[in-house]
Structures are given as C-alpha cells and as structure tokens.
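Undergrad: One structure coming up, written as structure tokens, with questions to follow.
The values are calculated or read from the model by the stated rules, or taken from the named source; none is laboratory data. What you see is a predicted model, and the numbers here were worked out from it, not measured in a lab. Methodologically, a virtual Cβ is constructed for each residue, glycine included, from the backbone with ideal geometry; neighbour enumeration extends over all protein chains shown.
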Amino acid sequence: MSDPFRQPIDASTRYCAVFGHPIKHSASPAMQNAGMAALGLNWRYLACEVAPDNLRQAIDGAKRMGFVGLNLTVPHKLLAVEMVDALDDSAKTWGAVNTIRFEPDRDGVVRSHGFNTDAEAITRSLNDDLGVELRGANVLLLGAGGAGRVAALKLADAAVGELHLVNRTEAKAAALAEEIRTRRPGVQVSVGYPRTAVDLVLNATSLGLRVEDALPFAAEKFFLRQTRAAYDMVYRPAETPFLQAASAAGCRTANGLGMLLYQGAKALEIWSGQPAPVEIMRRALMENVYGH
Ligand code: ATR
C-alpha cells in the first residue's frame, strides 16, 4: 500500500509500535497507519522485533522516547502484565495486556497503562461480521488453548445459553468447562459435540493455518447442517476448508480478520480518544493480508 500520510515525518511526529517475536508478518502497521492518517494525526505506527528478555527495557525505552502507546503480540501479552504501572479492568479480567497507553501526569511523570482489547474484539466480530445474537445462543466451540479459553469465557460473559466445548486434549476442555461453571453458572456448559442444532460453530484451534491441516471437527460426530453460522479465527487463508465446507452447507461464515481489526480499532481509540475509522482500517488490513 502507498504511504497514507500527506504530511512527511517531522520533529513533531509521535510514535506507536507493536512489539512481538516474531513480528515480520504483522499486518498492524498497515492497518494502524491508515487509521492514524485518516484521523489526521501526525503519528506513525512501527513494528519492532523484541525478544522476551528485552521486553521490559523496550517498554521503558518507548515510554522515555515519548511514544503514544504500544501493542504487544505473541509472546509478550502475559509478560507485560507485570511490566506496566497500572492495569485497566480489561487487562485484569483477561490477565493479558495487548495495548499500552503512556500517560503523563500533572508533574510530567509518564505512567504506562495496560489494556486488553482482544476479548471484546471476539464478540464484536461475531456480532458485526457474522450477525450472531450471542445472548441465549447455542454455541459449539472448537479449541481450548489460549484463544479458545478467552473465547469461551467471553461467550459466557455475553450470556450464551449453551456452550459445547470440544478439544483434542479433552482434559483442557473439561477444565475450561469447570472454570465457566464457577464463573457463569447461568451458562449450560458441556464437553463434547451437540446432538441438536446450534446457532454458531467457532473454530479457535490452529487447524486451517496450513494447507495439509485436517478439519477442526470430527465430521462423523457433527454435521455442518446442524449450524446456521460458522466462524474461523484463522484468517490466512481467507477461506479455510472449514469455512468452505460451512458455506457449501448453507451457513453464514466469517473469518478472524474482524478480530484483528476490532482489537486494533479499540487500541487506536484508547490512544487517540477518537472513534476509529474502522472501514478504512479494514480496507488497509485486507489489502495487506490478501492483496486486494
Ligand atoms: P492459541 O493461543 O492460538 O489458542 P494454543 O494455546 O497452542 O494456541 O492452542 C491451539 C489449539 O489448537 C488447541 O486447542 C489445540 O489442541 P490441544 O489443546 O489438544 O493442543 C488445537 N490444535 C492444535 N493442533 C491441533 C491438531 N493437530 N489437531 C487438533 N487440535 C489441534
């Protein structure tokens, strides 16, 4: 994509960055710079390769250099919880920080404030991109790893009616089910495939990232005709075999690009205090990820 900024970098330009390890394939610079340019900000968004051992110094360096804020991606989100001066409720709830805002106080002392915008992005994408009404919904969730756990807890917070959890390592699904029973007793949670129809199947496993991957569910235990909508957290490729099969079965489908978009849009709102230009950011993201 061409440079979205009309104004060149000058001595007043301020910076945000994403720190990750690895970081080379991050689509966040394209998305965030398009958003910052559209808001008319003299800001730029960088991507920096930061090893976990250097994270604390890198955050401190950005703070001392007057950065507006940071995003953190794999493997830094949990580590950063201990490295910021204050935690927003979102970061406390999820035990992970993906966004930092640097805030000068009245005496000019800068403090780092950690947020989590990932969890909210899951439900926003399911609502906005797939049109699923989560309250009372019957959901099959595939995967109980890091992403699956946050998705399950967030779905429970959104007051889904029934949650069916399936994971290759069943013990992890069982432990997650127990956590939800404690946290949200109103949600009916069970481990295993549903026998009846569901409103949504959500893939939170990593299956689909590679061409040789199997489908994320057991085709003899669950039929895609049992669901009205299918969501794949995988967004590269744009249409995984799971989403292709779901489309062929007549389901509405969406991929996880929306999650990336909404976590970024929320981060830009936290930094700028303005509504993010979501559609401009979506277009920049799609151009970066899919080339169109
Ligand atoms: P993430 O943070 O992306 O969720 P993760 O915590 O490593 O990464 O979780 C990966 C998820 O994909 C898990 O649900 C994992 O199942 P296990 O808990 O049994 O490991 C699932 N997964 C990965 N490879 C898989 C495979 N070949 N078959 C089935 N599930 C797989």
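Undergrad: Taking the condition of being more than 17 Å from the chain's Cα centre (by Cα) and of a type in the set (Phe, Trp, Tyr), how many residues in the range 51-98 meet it?
TA: Qualifying residue count, the range 51-98: 1.
Undergrad: Hey, another quick one. With the condition kept exactly as written, say whether any residue in the range 125-132 is free of Cβ contacts under 8 Å to residues at least 12 places away in the same chain, part of a loop (DSSP other than H, G, I, E, B) and either surrounded by 20 or more Cβ atoms within 10 Å (Cβ to Cβ) or not hydrophobic (A, V, I, L, M, F, W, C) (or both).
TA: no
Undergrad: Additional query: So in the range 212-261, with the set limited to residues that are within 16 Å of the ligand (Cβ to nearest atom) and hydroxyl-bearing (Ser, Thr, Tyr), which one is nearest to Gly131 (Cα to Cα)?
TA: Tyr231
Undergrad: Of the conditions (1) of a type outside the set (D, E, K, R); (2) more than 14 Å from the ligand (Cβ to nearest atom); (3) not in a loop (DSSP other than H, G, I, E, B), Leu202 satisfies every one except a single condition; which number is it?
TA: (2)
Undergrad: Name the pairs: first residue in the range 201-221 and of a type in the set (Lys, Arg), second residue at pLDDT 95 or above, Cβ to Cβ under 7 Å, at least 6 apart or on different chains?
TA: What qualifies is Lys221/Tyr193.
Undergrad: Related question: Let me confirm something: among Thr169, Thr196, which residue is surrounded by fewer than 18 Cβ atoms within 10 Å (Cβ to Cβ), free of Cβ contacts under 8 Å to residues at least 60 places away in the same chain and more than 16 Å from the ligand (Cβ to nearest atom)? I'd like the intermediate steps shown before the answer.
TA: Values: Thr169 fails: more than 16 Å from the ligand (Cβ to nearest atom).
Among Thr169, Thr196, only Thr196 is surrounded by fewer than 18 Cβ atoms within 10 Å (Cβ to Cβ), free of Cβ contacts under 8 Å to residues at least 60 places away in the same chain and more than 16 Å from the ligand (Cβ to nearest atom).
Undergrad: Can you find, within the range 251-270, the residue that is farthest from the chain's Cα centre (by Cα) among those that are outside any helix (DSSP H, G or I) and either of a type in the set (A, V, I, L, M, F, W, C) or closer than 12 Å to Ile122 by Cβ (or both)?
TA: Taking the range 251-270 first, the residues outside any helix (DSSP H, G or I) are 251-256.
Adding the requirement that they be either of a type in the set (A, V, I, L, M, F, W, C) or closer than 12 Å to Ile122 by Cβ (or both) leaves 251, 254, 256.
Details: Cys251: 23, Ala254: 14, Gly256: 8 Å.
That would be Cys251.
Undergrad: Continuing with the same structure: Just to verify a result, which residue in the range 134-147, among those that are closer than 24 Å to Val74 by Cα and at pLDDT 95 or above, is farthest from the ligand (Cβ to nearest atom)?
TA: Step by step, filter the range 134-147, then rank; the result is Leu141.
Undergrad: Another one. Suppose we keep only residues that are aliphatic (A, V, I, L, M) and outside any loop (DSSP other than H, G, I, E, B) within the range 211-250. Which one would you say is nearest to Ser26 (Cα to Cα)? Outline the logic, then answer.
TA: Filtering the range 211-250 for residues aliphatic (A, V, I, L, M) gives 211, 214-215, 218-219, 224, 229-230, 233-234, 238, 243, 245-246, 248-249.
Filter once more, keeping what is outside any loop (DSSP other than H, G, I, E, B): 224, 229-230, 243, 245-246, 248.
Working: Leu224: 32, Ala229: 28, Ala230: 25, Leu243: 23, Ala245: 28, Ala246: 28, Ala248: 31 Å.
The qualifying residue nearest to Ser26 (Cα to Cα) is Leu243.
Undergrad: Could you check the range 134-166 and list, in sequence order, the residues that are touching an Asp or Glu at 6+ places or on another chain (Cβ under 8 Å) and without any contact (Cβ under 8 Å) to a residue 24 or more places away in the chain?
TA: If the condition is that a residue be touching an Asp or Glu at 6+ places or on another chain (Cβ under 8 Å) and without any contact (Cβ under 8 Å) to a residue 24 or more places away in the chain, then no residue fits.
Undergrad: For the range 68-77, state whether one or more residues are more than 23 Å from Val109 (Cα to Cα), touching a His at 6+ places or on another chain (Cβ under 8 Å) and surrounded by 14 or more Cβ atoms within 10 Å (Cβ to Cβ).
TA: Of the range 68-77, the ones more than 23 Å from Val109 (Cα to Cα) are 73-77.
Now drop any that are not touching a His at 6+ places or on another chain (Cβ under 8 Å), which leaves 74-76.
Among the residues that remain, those that are also surrounded by 14 or more Cβ atoms within 10 Å (Cβ to Cβ) are: 76.
Looking for residues that are more than 23 Å from Val109 (Cα to Cα), touching a His at 6+ places or on another chain (Cβ under 8 Å) and surrounded by 14 or more Cβ atoms within 10 Å (Cβ to Cβ), one finds at least one in the range 68-77, hence yes.
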